[in-house]
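Beneath this line is the structure, given in structure tokens, with notes to follow.
The values are calculated or read from the model by the stated rules, or taken from the named source; none is laboratory data. Note that the coordinates shown come from a computational prediction; the quantities given were computed from them, not determined experimentally. Note: ideal-geometry Cβ built from the backbone for every residue, glycine included; neighbour counts use all protein chains shown. In case anyone asks, the SASA skips ligands and DNA or RNA and just uses the protein heavy atoms, side chains included. Shrake-Rupley method; radii C 1.70, N 1.55, O 1.52, S 1.80 Å.
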Amino acid sequence: MITRNELIKKYIDFFKSKHHKHIPSSSLIPENDPTVLFTTAGMHPLVPYLLGQKHPLGSRLVSVQKCIRTGDIDEVGDEVHHTFFEMLGNWSLGDYFKEEAISYSFEFLTNKKWLAIPKEKLAVTCFEGDKDSSKDIDSEKIWLSLGIPKERIAFLPKEDNWWGPAGNSGPCGPDTEMFYWKSNSKKPPKKFDPKDENWVEIWNDVFMEYNKDKSEKYISLSQKNVDTGMGVERTLTILNGLEDNYLTECFLPIIKEIEKISGKKYKGNEKEIRIIADHLRAAVFILGDEKSISPSNIGQGYVLRRIIRRAIRYGKQLGIKENFTVKVAKTIIPIYSDYDEIHRNHKFICEQLELEENKFSETLEKGMKKFSEIAVDKIVSGKEAFLLFQSFGFPIEFTQELADENGIEVDLDEYNIEFKKHQDLSRSTSAGVFKSGLADESETTKKLHTATHLLNEALRKILGNEIAQKGSNITPERLRFDFNFPRKLTPEEIKKVEDLINEQIKLSLPVIREEMPLDNALSSGAQSEFGNKYPEVVSVYTIGSQKNKGWFSKEICTGPHVNNTSDIGKFKIIKEESVAAGIRRIKGIVE
Ligand code: SER
């Protein structure tokens with residue numbers, strides 16, 4: 001039996017013994033990345049470093065990254081799918097490559113001191129080669145030299161043995177995947193068949209040596225990187241001889257609580273109970289994240305709303321009459337004693353769940369009645385789907401799910417037209433945006449990012465020193481910045497903020513990046529985001545001259561930024577609004 005804590009500790013200790021530095025998990029909400037809503041893998045926060053920027057802690061890193069993958073929400077309900085998971089990963093940023101990466105993986109999996117898996121229970125896959133990259137015989141050679149026999153090595157195409165966020169540009173490359181024979185009753189056959197379900201993937205070593213550009217060309221990167229990923233829940237399931245991820249300690253207390261509240265047994269109600277457990281666990285991590293997110297009709301808030309409401313619906317299906325989400329959340333939080341943020345935000349998590357549950361319970365029953373009336377016609381028109389969304393709070397995916405269960409259609413095209421008519425959204429909530437992807441490091445994004453730093457400081461200078469960043473998001477069209485302030489800004493204040501920023505742009509101030517220990521960064525007056533976890537060495541961006549403390553802004557940040565404020569153009573605030581009690585939001589553009 002291996003526990004979650006033991007697995008994580010072993011992983012970190014092993015890679016520390018190989019001179020890796022442990023970096024804390026980044027937020028679930030990617031910073032300055034317009035193409036994804038959530039961090040879906042350990043690589044997201046590391047993209048600038050995979051592309052060549054120097055990491056303050058060096059070229060060997062190890063991390064446990066909290067991740068959300070929303071692409072699989074509809075699959076949740078079986079033994080293996082969940083939206084939230086923790087990913088163990090080791091990183092070489094232009095340091096070691098295939099030889100060491102594979103040897104480390106092999107040692108960690110098989111050595112008695114670490115996971116002690118018998119070599120006979122392992123098999124691997126390698127990339128078979130295509131027009132973009134040749135067959136990975138290097139990895140094969142290394143596996144052979146470590147004692148993995150030829151019959152246990154399979155070569156597969158890009159769909160299986162290549163990693164890089166699907167359909168998007170960014171760092172990517174071939175990978176080699178390790179499989180574990182999970183059956184205790186049956187011996188593994190000599191020849192490895194990746195289709196045999198007794199072989200389960202346990203780890204993935206990606207050799208990131210390409211950057212896929214916007215025209216789908218694979219350009220060799222200036223440095224060769226390694227990105228590996230091992231899912232905590234899955235690995236615990238496998239190593240403990242279980243058949244169901246939901247029976248690991250990451251879920252079991254949640255399942256027991258749902259059994260208690262509903263009076264129903266897990267056995268026979270697996271699907272409903274798993275969905276509730278998974279969705280509420282993900283909701284706890286989103287609500288408890290460093291960047292405060294609450295349920296809403298856009299972006300991450302929409303996904304959050306969708307999963308909470310889906311959990312509530314399945315709760316009702318199980319026969320739960322009372323509010324239950326807070327009770328379940330209270331069993332989730334103690335499982336993760338190592339995530340300070342969800343403990344610090346305990347009250348917020350419970351308040352938001354209660355609020356959302358009250359709001360949705362009021363309309364769920366009426367909405368279901370309305371749906372039955374509509375369903376008689378065997379089609380849900382776009383207008384009706386929009387009515388279910390607007391008046392009864394049914395997210396479109398929810399209506400789609402109900403329609404599927406009843407064997408009827410939803411006119412999604414018409415729904416999208418209705419939706420767009422009613423919302424002024426720069427990012428639609430349609431399924432497309434939930435795909436994973438990578439930072440768009442276009443020039444505009446950089447300009448907006450540097451403008452965000454100017455805005456952060458300008459707000460402090462105009463409104464007062466107590467102003468602090470509560471969230472930031474950049475798309476190629478605009479910046480969005482959340483901060484604490486108790487009331488609406490006056491038109492004069494908005495003008496003053498804009499003027500101060502445009503003044504700094506006209507002054508052509510240099511934007512300088514430096515690396516320093518976290519303590520020095522904080523004592524030098526660099527802004528940090530409250531609740532964010534920083535590594536012991538950080539990069540700091542200063543706008544303005546260092547001399548005589550003549551700088552305008554100083555922030556701990558990973559970049560990227562323009563080199564000089566004169567590159568920004570003209571800054572304009574296009575919207576100022578409230579997002580939550582005491583939190584204001586500004587949207588701005590550069591022209
Ligand atoms: N990025 C790869 C994955 O998610 C390895 O970490 O599998």
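Within the straight-line cut-off of under 19 Å between alpha carbons, the lysines reachable from Lys359 are Lys316, Lys321, Lys327, Lys347, Lys369, Lys370, sequence neighbours fewer than 8 places apart in one chain being disregarded.
When you restrict to C-alpha pairs under 8 Å that are six or more residues apart and normalise by the size of the chain, the relative contact order lands at 14 percent. Karplus-based coupling profile of the stretch 224-233, in residue order and whole Hz: 9, 10, 10, 10, 10, x, 10, x, 5, 4, with θ = phi - 60° in 6.51 cos²θ - 1.76 cosθ + 1.60 and x standing for Gly or Pro. Using a cutoff of 8 angstrom between alpha carbon atoms and counting only pairs six or more residues apart, the relative contact order for the stretch 128-269 works out to 17 percent. The distance from the alpha carbon centre of the stretch 337-380 to that of the stretch 25-75 is 28 Å, rounded to a whole number.
Taking R0 as 41 Å, what's the FRET efficiency between Glu201 and Lys260 from their Cβ-Cβ distance, rounded to 0.05? According to the calculation, E is roughly 0.75. Using the Karplus relation 6.51 cos²θ - 1.76 cosθ + 1.60 with θ = phi - 60°, the per-residue 3J(HN,Hα) values for the stretch 173-184 come to x, x, 9, 10, 10, 9, 10, 10, 7, 8, 6, 8 Hz, with x marking Gly and Pro. Solvent-accessible area of the stretch 444-511 (1.4 angstrom probe, protein heavy atoms only): carbon and sulfur portion equals 53 percent. One Cα centroid belongs to the stretch 285-325, the other to the stretch 446-479; the line between them spans 29 Å. Taken about its Cα centre, the stretch 226-266 carries a charge dipole of roughly 260 debye when the Cβ of each Lys and Arg holds +1 and the Cβ of each Asp and Glu holds -1. Of Val590, Ala580, Tyr541, whose Cα points farthest to the positive end of the dipole of the stretch 530-591 (charges on the beta-carbon: +1 Lys, Arg; -1 Asp, Glu; origin at the Cα centre)? The residue sitting most towards the positive pole is Ala580. Rounded to the nearest 20, the size of the Cβ-charge dipole of the stretch 319-373 about its Cα centre is 200 debye, with Lys and Arg at +1 and Asp and Glu at -1.
Rounded to whole Å, the principal axis extents of the Cα atoms in the chain read 76, 63, 44, largest first.
Amide H contacts of Ile202: Met178, Phe179, Tyr180, each under 5 Å away and 5 or more positions distant or on a separate chain (H built 1.01 Å from N in the peptide plane; Pro and chain starts excluded). Across the stretch 243-254, rounded Karplus estimates of 3J(HN,Hα) from the backbone phi angles (6.51 cos²θ - 1.76 cosθ + 1.60, θ = phi - 60°) give 10, 9, 4, 6, 9, 7, 5, 6, 10, 3, x, 5 Hz, Gly and Pro being marked x.
The lysines whose alpha-carbon is closer than 18 Å to the alpha-carbon of Lys575, local same-chain residues fewer than 8 away aside, are Lys470, Lys488, Lys495, Lys496, Lys587.
The amide H of Lys21, built 1.01 Å from its N in the peptide plane, has Arg60, Leu61, Val62 as neighbours under 5 Å, considering only residues 5 or more places off or on other chains.
Here the dipole of the chain is about 1120 debye; that uses its Cα centre as origin and unit charges on the Cβ of Lys and Arg (positive) and Asp and Glu (negative). Between amide H atoms placed 1.01 Å from N, distances below 5 Å from Phe552 occur with Ile543, Gly544, Ser545, all of them 5 or more places distant or on a separate chain.
For the stretch 24-183, the antiparallel share of DSSP beta bridges with both residues in that region comes to about 75%.
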